[in-house]
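What follows draws every value from the coordinates through simple rules; no lab data is involved. Bear in mind that the values here come from a model prediction, so they are computed numbers and not experimental data. We place every Cβ from the backbone using ideal geometry, glycine too, and count neighbours over all the protein chains shown.
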Amino acid sequence: MQAVILAAGEGSRLRPLTRSKPKAMLPVANRPLIEYVIDALLENGIRDIVVVVGYRKEDVIRHLNKLDAPIQVVVQERQLGTADALRAAESEITDDFLVLPGDNYINAESIARIRKEQNAMLVAEHPNPSNFGVVVIRNGLVREIIEKPEDAPTFTVSTGIYSFKPDVFSYLQTNEIPDALSAMIASGRRIRAIPADDWQDAVYPWDLLKLNSRMLKGITPEIAGTVDASVIRRGTVHIGTGTTVGPNTVIYGPVTIGSNCNIGPNCVIMPDTSIGDRVVLEPFTYVADSLVMSDVTIGSHSRIVSAVFGQGCILADHTTTYPSASFIEVGGRVQKEEFGAVLGDGVRAAPFTTFKNCIAGNRVTIEGGKTVVGLIEDGTRVM
Amino acid sequence: MCGIVGYIGRRDATPILIQGLKRLEYRGYDSFGIATVGSAIEVYKKTGRISEGEAGAADLHGCTGIGHTRWATHGEPNDINAHPHTDCGEGIAVVHNGVIENYSELKRQLQGRGHTFRSETDTEVISHLIEENYDGDLLAAVNATLPLLEGSYAILAIAGETQQIVAARDASPLVLGVGDAEVFAASDMTPLLEYTERVIFLEDGDVADITPDHYTIYHDGQTVERPIELINWCVEDTRKGGFAHYMLKEIYEQPQSFYETIRAGINDRVRQMVMEAGEITLVACGTSYHTALAFKYLAESLCSIPVRVELGSEFKYFTPPLRGLVIAVSQSGETADTIAALKMAKSRNCPTLAITNMQGSTVTRIADETLLMRAGLEIGVAATKSYTAQLAALMQIVNLRCEGAFDDILSHAHLAIGDILLQDVREAVALCSKAEHVFFVGRGPFYPVSMEGALKMKEISYVHAEGYAAGELKHGPFALLTGETPVVAVCTPGPTYGVMASNIKEMKARKAPVIALGVAGDTELAEIVDIFIPIPNTHLLVQVLTASVALQLLAYHTACALQRDVDKPRNLAKSVTVE
């Protein structure tokens with residue numbers, strides 16, 4: 001059995017977080033999404049893995065090189081669609097194979113359910129089916145796939161995980177895999193619909209918070225680095241090498257902290273928080289339910305709740321993220337979702353900035369004690 | 001300037017030797033060969049790349065063997081001149097890295113005594129000399145031979161049917177890798193990383209007698225203990241993975257290697273040495289010379305220390321009067337010219353500091369102190385991540401002399417390097433790949449950046465490129481400007497911005513297409529040039545880095561567009577271990 005992981009797409013609905021990396025490389029609980037997919041395959045003994053890369057491919061390749069498993073990489077030159085991506089891997093396929101998106105979480109049990117099947121797809125229930133391919137099933141077989149419908153007939157959606165025989169390539173007429181499935185169904189092929197055990201996607205940036213808290217359940221406790229004796233820890237806490245945690249800091253797991261960070265003294269880190277590498281939390285700062293990527297600096301006396309911070313943000317003292325819900329237009333769709341802030345890479349904020357249900361683009365600069373709300377374009381200077 | 005490798009143990013030697021030679025190919029790749037102890041000495045050697053000729057080596061038997069990859073110095077690259085070299089009776093085989101300076105005299109004497117030579121190499125004298133002294137004891141025969149040799153050498157010798165390798169070094173590098181009932185030997189530690197992390201750096205004059213279970217090191221006839229050092233480089237460094245070339249992989253590793261070098265900091269002894277220096281002389285070759293020049297501009301303008309930069313190859317023969325700290329900059333730590341210069345500085349009683357990527361390399365043994373850069377293994381012949389890591393080490397010295405004024409800038413610089421890697425340079429590549437000549441110009445620290453940009457361009461794309469201080473262009477090279485000679489100009493805000501902009505206009509007036517590197521958002525500059533490549537608008541130190549990386553990308557993609565062998569450019573080897 002082989003597996004093809006599709007990791008070429010940008011994931012544009014997750015902008016501004018996908019400036020320097022594709023969606024599959026976004027860190028969740030300090031590991032890129034694609035690593036969870038690879039883990040699930042390896043747990044099922046599937047070691048012949050091909051990864052299709054495209055958007056910001058160097059970042060993906062560098063990461064794959066670090067893994068123990070030998071992984072074949074193929075390049076999709078232009079990101080035309082999933083079927084086009086699969087065609088890029090055609091020359092590597094000699095056997096029955098699985099196709100998986102590299103940017104969704106899937107557990108090993110789900111893969112165990114589909115790996116013995118030929119021509120099957122994993123399906124799952126989702127409260128907002130309109131963002132996915134909705135699957136109509138009869139007698140355990142796929143009857144129809146409706147891509148991103150306005151009014152979905154069911155809550156059953158495709159996970160984008162399929163089991164195919166090599167002859168699937170003759171059905172790839174368009175650039176999308178669901179079209180090939182429709183063609184297979186039309187020609188009388190049976191495609192089994194198998195319910196996934198645990199599958200999660202992050203469609204919008206704030207979905208990463210849910211995925212993050214889900215993945216944090218699986219971290220292993222480990223304390224490397226230098227942790228002051230007065231630090232209070234509870235629950236599962238992972239602290240990477242070279243990280244210093246100063247006196248009187250309180251950490252309630254599940255929390256993961258990367259390497260070479262500088263935390264505290266007197267910081268509070270509450271559950272469901274991931275902190276990347278080389279992050280600085282200055283004294284008296286509180287962080288909860290957040291995903292802080294690498295190289296971020298958060299000033300003293302800040303309160304960070306329900307926030308996703310991209311790489312290299314520098315936020316001065318008294319920064320607040322204030323969770324609330326308002327309407328935001330993302331990818332042509334108006335959404336209402338409660339979260340504090342989503343900041344792209346390299347956002348800078350002056351002291352006393354409050355982010356309220358805000359998505360700030362890459363390199364946004366916010367000057368002097370502002371409350372910022374809603375969507376801010378890349379590179380904007382807020383005065 | 002070749003690579004040698006040896007294996008003795010329980011495994012089949014040939015695949016290990018071939019793999020090891022591939023890792024050493026950066027030291028030379030004219031021809032290669034291996035010899036094993038099978039039923040007798042079995043030899044296979046071939047002109048050309050290892051990947052093209054390795055299949056023929058598959059019939060070699062035995063668990064003991066030696067191998068060599070060559071960069072020709074004595075005798076043209078062909079099958080006969082390739083190592084290993086055997087004696088008249090083909091009972092002894094030798095591989096050698098270095099130069100035997102008195103070989104013609106030795107060869108005449110040996111021929112006079114009836115020895116038949118097959119090759120034009122200096123190395124063959126060693127196998128015949130060992131033959132003369134051999135009576136069943138290889139170690140004794142090698143020991144009797146070494147005093148006759150003048151020059152530099154790292155030698156591995158095998159004989160007859162004995163499971164034994166004798167290794168010797170003098171002024172050429174040789175490293176032993178200690179495994180479990182197996183021992184490896186190589187010119188540097190890169191071939192060993194896959195098998196063991198325990199290495200022994202042999203010293204000049206050492207002779208090692210190696211059997212599968214045991215090794216003994218002798219120095220001046222006495223048994224000596226050499227410490228086993230643990231190497232923390234990972235095998236990942238040796239894998240190209242999904243990248244098209246090692247060079248591209250290494251370009252993308254720069255944010256990490258820069259950060260690691262900054263993070264490693266400077267130890268107290270080096271700190272003291274730097275703080276006490278009244279003036280600094282840097283000795284370097286090639287790319288390292290450019291980093292040294294960039295350091296000169298930065299150190300003189302930011303912390304007012306007088307800095308002199310000398311080419312290693314000139315320094316040895318035309319030594320200037322020396323005062324103050326002497327810093328040798330060499331990625332490999334084995335660059336022959338730099339080593340010679342360092343020895344010269346030591347003999348003048350100057351405090352010496354080595355900046356190198358290779359723990360345990362020759363420069364680290366000679367210099368009083370070492371500042372190690374953390375680039376990890378660099379395989380591409382064109383220096384990329386070692387260049388920025390050298391800058392990291394040198395910028396730390398600047399920072400130290402400025403009392404830590406740039407701490408914050410240096411610890412965040414890797415993010416700006418990451419940013420410039422996202423830059424699309426395709427338009428500029430289209431222009432350069434059609435050109436016969438490309439000029440690179442800049443002022444201040446961007447002058448060495450331009451020289452480095454030009455070096456990268458010519459060494460991997462074979463497009464003729466020259467780097468000039470922008471003001472110098474009018475003193476001659478201007479005559480060469482036409483509509484078909486692109487000029488790459490670095491023009492960033494600062495005292496030279498205005499004069500640089502008017503230089504660019506002068507070039508435009510001669511119809512030369514101009515590719516400008518300027519800070520993001522500089523619309524004025526973008527308007528007067530043909531192609532504008534924005535670099536992040538940050539501190540000067542960081543601009544030096546990002547501009548350099550942008551030029552690496554330009555050279556790399558131009559070479560790819562011209563379908564050059566990026567990782568192994570013609571006629572070049574990574575470390576230049578001959579003068």
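Taking Cβ atoms as reference points and 12 Å as the exclusive limit, the residues near B:Ile165 contribute a net charge of -2, counting Lys and Arg as +1 and Asp and Glu as -1. For the options A:Asn139, A:Asn260, A:Asn104, a Gaussian network treatment of chain A with springs between C-alpha atoms closer than 10 Å singles out A:Asn139 as fluctuating the most.
Backbone phi angles across the stretch B:118-131, fed through the Karplus curve with coefficients 6.51, -1.76 and 1.60 (θ = phi - 60°), yield HN-Hα couplings of 9, 10, 9, 7, 6, 5, 4, 4, 5, 5, 5, 5, 5, 4 Hz in residue order; Gly and Pro are listed as x. Judged by the gyration tensor of its Cα atoms, with axes a ≥ b ≥ c, the stretch B:3-232 is rounded; a/c sits under the 1.5 cut.
Spacing of the modelled spin labels on A:Phe155 and B:Leu422, each 7 Å from Cα toward Cβ, amounts to 3.8 nm.
Where the centre of each part is set by its Cα atoms, how far does the stretch B:76-107 sit from the stretch B:108-148, in angstrom? Centre-to-centre distance over Cα atoms comes out at 9 Å. Would the stretch B:239-419 count as rounded, prolate or oblate if I go by the C-alpha gyration tensor, calling it rounded below 1.5 in a/c and otherwise prolate when a/b exceeds b/c, oblate otherwise? Oblate is the answer for the stretch B:239-419, as a/c is 1.5 or above yet b/c matches or exceeds a/b. Between the amide H of B:Gly62 and those of B:Ala13, distances stay under 5 Å, these residues lying 5 or more places away or on another chain, with hydrogens modeled in the peptide plane. For B:Lys46, the aspartates and glutamates whose Cα falls under 12 Å of its own Cα, not counting residues fewer than eight places away in the same chain, are B:Asp30, B:Glu54, B:Asp79. You can think of it this way: the chain between A:Ser91 and A:Arg143 has 15.7 nm of extra reach, that is 0.36 nm per residue less the Cα-Cα gap. Remark: the stretch A:371-383, residue by residue, has Karplus-estimated 3J(HN,Hα) of 9, 10, 10, x, 8, 10, 5, 3, x, 5, 10, 9, 10 Hz, where x stands for each Gly or Pro and the curve is 6.51 cos²θ - 1.76 cosθ + 1.60 at θ = phi - 60°. For the stretch B:500-506, backbone phi angles converted through the Karplus equation (6.51, -1.76, 1.60; θ = phi - 60°) give residue-by-residue couplings of 5, 4, 6, 4, 4, 5, 4 Hz, Gly and Pro being listed as x. In a reduced charge model with +1 at each Lys and Arg Cβ and -1 at each Asp and Glu Cβ, the stretch A:2-203 shows a dipole moment near 180 debye about its Cα centre.
Only Lys, Arg, Asp and Glu carry charge here, each on its Cβ (+1 for the first two, -1 for the last two); on that basis the stretch A:216-382 has a dipole of about 180 debye about its Cα centre.
Close amide H contacts of A:Val372 (hydrogens built in the peptide plane, cut-off under 5 Å, sequence separation of 5 or more or a different chain): A:Thr354, A:Phe355, A:Lys356.
So how far, in whole Å, is the C-alpha centre of the stretch A:124-190 from the one of the stretch B:233-307? Each part's Cα centre sits 54 Å from the other's. Residues considered: A:Pro16, A:Pro195, A:Pro166. Largest GNM mean-square fluctuation over chain A, using C-alpha springs under 10 Å, is found at A:Pro166. Taking a ≥ b ≥ c as the square roots of the eigenvalues of the Cα gyration tensor, the stretch B:61-120 is oblate, since a/c reaches 1.5 or more and a/b is not larger than b/c.
By the count of neighbouring beta-carbon atoms within 10 Å, fewest first, B:Glu334, A:Glu77, B:Glu250 end up ordered A:Glu77, B:Glu334, B:Glu250. Close Lys pairs in the stretch A:2-203, defined as Cα atoms under 29 Å apart and 8 or more places apart or on different chains, number 14.
Just to confirm the filter: which GluC sites (Glu not before Pro) across the stretch B:336-434 are DSSP coil and have at most 13 other Cβ within 10 angstrom of their Cβ?
Sites meeting the loop and neighbour criteria: B:Glu403.
Here the stretch A:236-288 and the stretch A:198-222 have alpha carbon centers that stand 18 Å from each other. Computed about its Cα centre, the charge dipole of chain B is approximately 1600 debye, with only Lys, Arg, Asp and Glu carrying charge at their Cβ. Considering only A:Gln173, A:Gln79, A:Gln118, the Gaussian network model of chain A with Cα springs below 10 Å gives its largest mean-square fluctuation to A:Gln173.
Of all aspartates and glutamates in the structure, those lying under 15 Å Cα to Cα from B:Lys474, and not within fewer than 8 positions of it along the same chain, are B:Glu466, B:Glu506. Remark: the B:Gln563-B:His539 segment gains 5.0 nm on full extension, using 0.36 nm per residue and subtracting the alpha carbon distance. Residues whose amide H falls under 5 Å from that of B:Ile327, counting only those 5 or more places apart or on a different chain, are B:Thr281, B:Leu282, B:Val283, B:Leu353, with hydrogens built in the peptide plane. When the Cα positions of A:Gln335, A:Ile38, A:Pro221 are compared along the charge dipole of chain A, A:Gln335 comes out farthest toward the positive end, with charges on each C-beta of Lys, Arg, Asp and Glu. Inter-chain neighbour count for A:62-71: the average number of beta-carbon atoms from partner chains within 10 Å of each residue's beta-carbon is 3.
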